[in-house]
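The values are calculated or read from the model by the stated rules, or taken from the named source; none is laboratory data. Given the structure is predicted, the values throughout are model-derived calculations rather than measurements. Positions of Cβ are generated from backbone atoms using ideal geometry, with glycine treated the same way; all protein chains shown enter the neighbour counts. In case anyone asks, the SASA skips ligands and DNA or RNA and just uses the protein heavy atoms, side chains included. Shrake-Rupley method; radii C 1.70, N 1.55, O 1.52, S 1.80 Å.
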Amino acid sequence: MAMATPTSPHPLDPLDAGEILAAVAAVRATGRLDETALFAMVTLVEPDRGQLSGYAEGRPVPRRARLVVLPRPDASLVEATVTLPDGEVVEWVERDGVRSALLFDDSYRSILALKADPRWQAAMHERGITDLDKVQIDPWPTGNFENPDEEGRRVTRCISYYREDPTDNGYARPIEGVLATVDGARGVVLDVADFGVVPLPPGRGTYRPGDNGPDRADLRPLEIVQPDGVSFTLDGHRLSWQRWSMRLSMHPLEGLVLHTVAYDDHGTERPILHRASISEMVVPYGDPGPTHGWKNAFDVGEWGLGRMANSLTLGCDCLGEITYLDATFSSEHGKTYVVENAICIHEEDYGILWKHLDMNTGHAEVRRSRRLVVSFIATVGNYEYGFYWYFYLDGSLQLEVKLTGIMSTQAVTGGQETPWGPMVAPGLAAPFHQHLFCARLDMTVDGPVNEVHEVSFESVPEGPDNPMGNAMRQTVIRLESELAARRDVDPGSSRHWRFVNPASRNGLGRPVAFKLLAGTTPTLLAQPTSSVGRRAGFARHNLWVTPDTPGQVRAAGDYPNQHAGGDGLPAWTSADRPLVDTGIVAWHTFGVTHSPRPEDWPVMPVEYCGFHLVPAGFFDSNPALDVPPPPGHCH
Ligand code: CO
């Protein structure tokens, strides 16, 4: 069945509600699904680079939807592809032993089943908890520990928290020692383990106004006013600002995706990125005990950053002259829903852009820096992640992740500290953990064929060429193939990577490039042979490079939930494909190893991580010389 859309969408526009409903109707019309089938995901099949360049030359691009359907309450799924708007099912692949991201439906069923389970109820009663309505249950993805009971099932692992009052911070009072395993698809409790009673911590950990004494009263208003309006233009999903242009979409798993990021260089549209997103992230915990040792979460492939996106509020999440974009998703029951104000777009003053005071003449020139901000915030259980892409007047861009929310906690018997996590409040510890993000950067610097150069510095021995011993030498190595391109940062040598177009030269005759400027870059601390070590192989290196290959999008593979591991980057790059004379995709792992502080409790002030992409010979000189001086009053 077909449902016409009123205007012809751009090939990269996300599916609208009509297209999602048409795709669902088409797979239902095959008669191969019954009414209980659940829709884990319905997304656009994005055109590849070739189709998109054809579109630019006037050739149409067929629109297609990809559906991940769960036909039964087990570990099987169907990948279907439907053409739009005519609704022809052109692909139908049944897979067994793989799981989609954790369903909201499975989570609810897990909670209901557990609350009705006599073993779990007995564990609560043993801890003096009689009002089970005061217990918060958090279902988690389980990982994969080769437990035969979990084969063929969609499983959650559930931990419990006590809220004396609904306004309590749930994570202040973990009900320690009780760990339940639930078949969430069928609503069957598989196991309730009790590793021993630990008293509830005394504090409620609340953080609402007035909960911790009077609010401070000496902050004067700070308003951001743009009396003549903003300097950017949003036309559908196409955003342009200053010389920058890009298209935006919201993917249910990856969250905000940037497409076709380009820079208008005096009338020439110069591509930089074909596509950029967070392809995966993992949060492994470092306490080896039975209640916590299994804990890790892949917040893209097991939860979905887009599905967890907040509806943002003007004046709270975003300040100033704000433009929002909504996101439309399929529900698990094949309907649609809209996350209003999911993507926030605005401009920020960012201090000085450049300055010089000429000591001879006393003359100063200074320019203000300003950035375009495109952001969204995802809440994944206890944690919040804000993803902020920044575009600057000097041709650079940046991804900053803001980590906030509430830490995952552990009740500790009075006075007995654990070696695996600092105390953050009386009776309450927070285990060491990492947040490791993998940004996928599909590079098209001045065109589709790019290569990656590793740049390092080294000291030079004293000698006839270096009589004063001061010489510093820069070395540049081209990363020729995938195995050679599994790389890590090395601060002592200022190691960094350049994305180079060997066919495009700047005014100095050199190949144009952008460089990746890394920020905080831990790698995975869990053993490579551990469960999470096998499943999160992408997090063992800061850089991976692959040839541009359709279908290779998520760093831990398409279905990390309960996966045994090895999929994604480690598998793809083991082929050691060449990285020269081809389109390339760079994958950058960065993040935070979190040593919890008392100051992170009861709600964590934002911690930052991320990276910059900076032009390195892309322009012939400072591209921001034409930014005018601030009007009026600065001389
Ligand atoms: Co943390």
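Observations on the model:
- For segment 2-96, the fraction of 1.4 Å probe accessible surface lying on carbon and sulfur atoms is 51 percent.
- Spin-label zone in segment 374-409 - amide nitrogen under 17 Å from a point set 7 Å from the Cα of Y207 along the C-beta vector: 377-387, 402-409
- Accessible area (Å², per residue) of segment 104-194, counting only protein heavy atoms and a probe of 1.4 Å: 40
- Estimated FRET transfer efficiency when R0 is 60 angstrom, pair S231-T30 (beta carbons, to 0.05): 0.75
- Straight-line reach from K295: taking Cα to Cα under 26 Å and skipping same-chain neighbours fewer than 8 places apart, the lysines in range are K115, K134, K402.
- Tilt relative to the chain, helix 104-115 - C-alpha long axis, 0 to 90 degrees, to 10: 30
- Sorted from longest to shortest, the spans of the Cα atoms of segment 100-139 along the three principal axes equal 37, 17, 11 Å.
- As computed over segment 104-194, the Cα convex hull volume per residue (Å³): 95
- The residues of segment 203-244 expose, per residue, 81 Å² of accessible area to a 1.4 Å probe.
- Taking every DSSP helix (H) stretch of at least 4 residues in the chain, weighting each as -39,500 (n - 2.57) and dividing the sum by the residue count yields a mean residue ellipticity at 222 nm of -2000 deg cm²/dmol.
- Carbon plus sulfur fraction of accessible area for segment 473-548, probe 1.4 Å, in percent: 50
- Surface composition of segment 348-421: carbon and sulfur atoms hold 50% of the protein heavy-atom accessible area at a 1.4 Å probe.
- Sequence ranges 569-582, 468-481, ranked by mean other-Cβ count within 10 angstrom, highest first: 569-582, 468-481
- When each of the peptides 546-559, 297-310 is scored by how many other beta carbons lie within 10 Å of its residues on average, the order from highest to lowest is 297-310, 546-559.
- FRET efficiency, F145 to R95 (Cβ-Cβ, R0 22 Å, nearest 0.05): 0.50
- Crossing angle, helix 17-28 versus the chain [Cα axis fit, 0-90 degrees, rounded to tens]: 50
- Solvent-accessible surface of segment 390-545, averaged per residue with a 1.4 angstrom probe and all protein chains in place: 41 square angstrom.
- Two-decimal ratio, segment 2-96, of alpha-carbon radius of gyration to 2.2 N^0.38 Å: 1.13
- Multiplying the residue separation of L219 and E348 by 0.36 nm and removing their Cα-Cα distance gives an extension gain of 44.4 nm.
- The chain: translational diffusion in µm²/s, Stokes-Einstein, Kirkwood Rh over Cα pairs, 25 °C, 0.890 mPa s: 92
- Among 490-498, 41-49, 98-106, 313-321, the order from most to least packed when residues are scored by Cβ within 10 Å on average: 98-106, 41-49, 490-498, 313-321
- Sorted largest first, extent of segment 318-378 alpha carbons per principal axis (Å): 72, 17, 12
- Extension gain, T582 back to R505 (0.36 nm per residue minus Cα-Cα distance, nm): 25.9 nm
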